[in-house]
Each structure stands twice: as structure tokens, then as C-alpha cells.
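Engineer: After the C-alpha cells below, expect a handful of questions from me.
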Amino acid sequence: MPKTRTIKKMTTKVQMIVGLVSTLIVVSMILSAAALEPPTPFKIYGWVSGNAGNPVYGPTVTIEDLNTSEVFCVATAGDSNHYHAITSSWNVSVDNVFHIYASDGSNEETFNHTVLEPELLDGGLFALNITVEPPGVCGDVDGLPGVTTNDGRQIFMYLLHGEEQYPLVCC
């Protein structure tokens with residue numbers, strides 16, 4: 001009887017070792033396959049313009065991946081309105097949301113952009129241009145420069161006749 005018990009214990013140990021070795025081989029194969037696919041650059045770039053399409057030289061631009069909290073290093077130059085950031089395809093996934101901020105020093109623009117599969121496959125976002133404009137003037141609802149009595153008339157007519165006949169430009 002003691003011999004049978006010893007053989008069962010040895011068989012159980014051998015099965016455990018074989019199972020462990022098999023698991024290590026599978027994990028090693030998976031990691032090797034992942035290591036064979038090198039990352040590709042993921043580029044985000046564009047130009048920053050201001051009011052009336054004028055270039056904003058030396059803009060401030062920040063880009064943050066809201067899914068990973070990574071803040072990308074964005075390069076700009078004082079004599080250009082171009083910006084660019086480069087990361088790796090290992091750091092970006094489809095449906096990640098980038099929060100993008102741009103400023104000319106007094107005006108700013110912020111928006112979110114969701115990464116699409118073609119962008120990831122093509123190596124990034126191309127020509128993501130940004131326009132920073134001064135905020136609208138409070139009370140200006142007709143789209144003409146400044147606040148005039150015509151803005152008051154536009155609001156009155158909007159209230160009286162509705163948005164279809166008298167739309168408010170600001171709202």
C-alpha cells in the first residue's frame with residue numbers, strides 16, 4: 001500500500017509540473033507574438049488660426065488622452081502656427097478621447113476628439129486645424145459687429161414671431 005500512495009503522489013506532482021510548464025509556454029508564446037508587432041508612431045498635428053483665418057504664431061496647445069490621463073508633449077514654435085505631437089500606437093486605442101486646448105494668449109478653444117479606427121491604422125490624426133476666436137460680445141444676437149439697437153429689435157421679434165423668422169445668431 002505505501003508504494004501505491006507514493007506513486008499517486010508522484011503522478012500528481014508530475015501532472016502539476018506539466019500543467020505549470022504548459023502554462024508558461026503558452027504565456028511565453030503570447031508575449032512573443034505581442035513583441036513581434038512593433039509600435040507605430042501616432043501623430044497629431046495641424047495649424048492654429050485666429051480671427052479671420054490669420055495664423056496664430058507660437059500658440060499654446062495641449063492634448064490629453066482622457067482615457068489614460070496621458071498629456072502629450074506638443075511642439076510649437078514662435079515663428080509658426082504649426083503644432084505637432086507624436087506618441088506610440090501602444091498608447092492610443094480606438095475610441096480614446098483626446099481633450100484638445102489651444103490659445104493665442106488671450107483667446108482659447110477647447111474640444112474633444114474621439115480616435116477612430118482609420119486614424120489609428122493610418123498613423124494618427126492629420127491636419128487637425130484649430131481656430132481660436134474671441135468670445136462673442138454679450139448682447140450681440142444679429143451677427144453684425146457690436147451691440148446695436150438692431151440686436152434689441154432682433155430679440156423682440158424673436159420673442160414675438162419665433163426662431164424660424166428671427167433666429168438669434170449667438171444662441
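The values are calculated or read from the model by the stated rules, or taken from the named source; none is laboratory data. Quick caveat: nothing in here was measured; it's all calculated off a predicted structure. Cβ: placed from backbone, ideal geometry, glycine included. Neighbour counts: every protein chain shown.
Engineer: Filter segment 147-169 down to the residues that are surrounded by 13 or more Cβ atoms within 10 Å (Cβ to Cβ) and part of a loop (DSSP other than H, G, I, E, B) and list them by number.
Structural biologist: Hits for segment 147-169 are V147, T148, Y166, P167, L168.
Engineer: Every residue in segment 75-119 that is in a loop (DSSP other than H, G, I, E, B) and either surrounded by 15 or more Cβ atoms within 10 Å (Cβ to Cβ) or over 12 Å from the mean Cα position of the chain (by Cα) (or both), please.
Structural biologist: Answer for segment 75-119, where residues must be in a loop (DSSP other than H, G, I, E, B) and either surrounded by 15 or more Cβ atoms within 10 Å (Cβ to Cβ) or over 12 Å from the mean Cα position of the chain (by Cα) (or both): A77, G78, D79, S80, N81, V92, N96, D104, G105, S106, N107, V115.
Engineer: Go through K13, K9 for me and flag whichever is basic (K, R), modelled with pLDDT of 70 or more and over 23 Å from N91 (Cβ atoms).
Structural biologist: Of the residues listed, the single one that is basic (K, R), modelled with pLDDT of 70 or more and over 23 Å from N91 (Cβ atoms) is K13.
Engineer: Could you tell me whether S93 is in the same structural domain as E119 (by TED's automatic domain parsing), within 15 Å of G124 (Cβ to Cβ) and of a type in the set (S, T, Y)?
Structural biologist: Taking the combined requirement at face value, the residue satisfies it.
Engineer: Could you grab me the full set of residues in segment 47-81 that are farther than 17 Å from S103 by Cβ and either among the hydroxyl-bearing types (S, T, Y) or touching a Gly at 6+ places or on another chain (Cβ under 9 Å) (or both)?
Structural biologist: T68, S69, D79
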